[in-house]
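Notes follow once the structure below has been shown.
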C-alpha cells in the first residue's frame with residue numbers, strides 16, 4: 001500500500017496557495033514537503049498541521065492506494 005497526495009495539491013490550487021506558503025503556515029520542514037511531493041509517507045503530526053491550516057481532514061488531502069501486482 002502506498003499513499004497519494006493528489007487531493008492536497010488540488011486543494012492548494014483551489015485555495016490559490018503555493019507549496020512554500022503551506023510549508024511556512026503549517027510550520028513543516030522542506031524535507032516533509034519533499035516527501036509529500038514524492039507521495040511518500042509522512043508523520044501524522046505533519047498531516048495534522050496541514051489539516052489545521054487548510055481547515056480539512058486527512059481524508060480531504062490523501063488517499064491510500066493498493067499495490068497492483070503485474
By how many nm would the segment from residue 39 to residue 68 grow when fully extended, if each residue of separation counts as 0.36 nm and the alpha-carbon distance is taken off? 8.8 nm
What whole number of Å gives the distance from the Cα centroid of the stretch 42-70 to the Cα centroid of the stretch 8-28? 14 Å
With each pseudo-label sitting 7 Å past Cα toward Cβ, what's the residue 57-residue 4 distance in nm, one decimal? 2.0 nm
Distance histogram for the chain (every C-alpha pair counted, 10 angstrom bins, percent rounded to whole numbers): 20, 59, 17, 4, 0
As a check on your grasp of the helix formula, calculate [θ] at 222 nm for the chain: sum -39500 (n - 2.57) over DSSP H runs of n ≥ 4, divide by the residue count, round to the nearest 500. -14500 deg cm²/dmol
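Every number here is computed from the coordinates shown, using simple stated rules; none is lab data. Treat the numbers as computed from the prediction; the structure is a model and nothing was measured. So basically every Cβ, Gly included, is an ideal-geometry build from the backbone, and we count neighbours across all protein chains shown.
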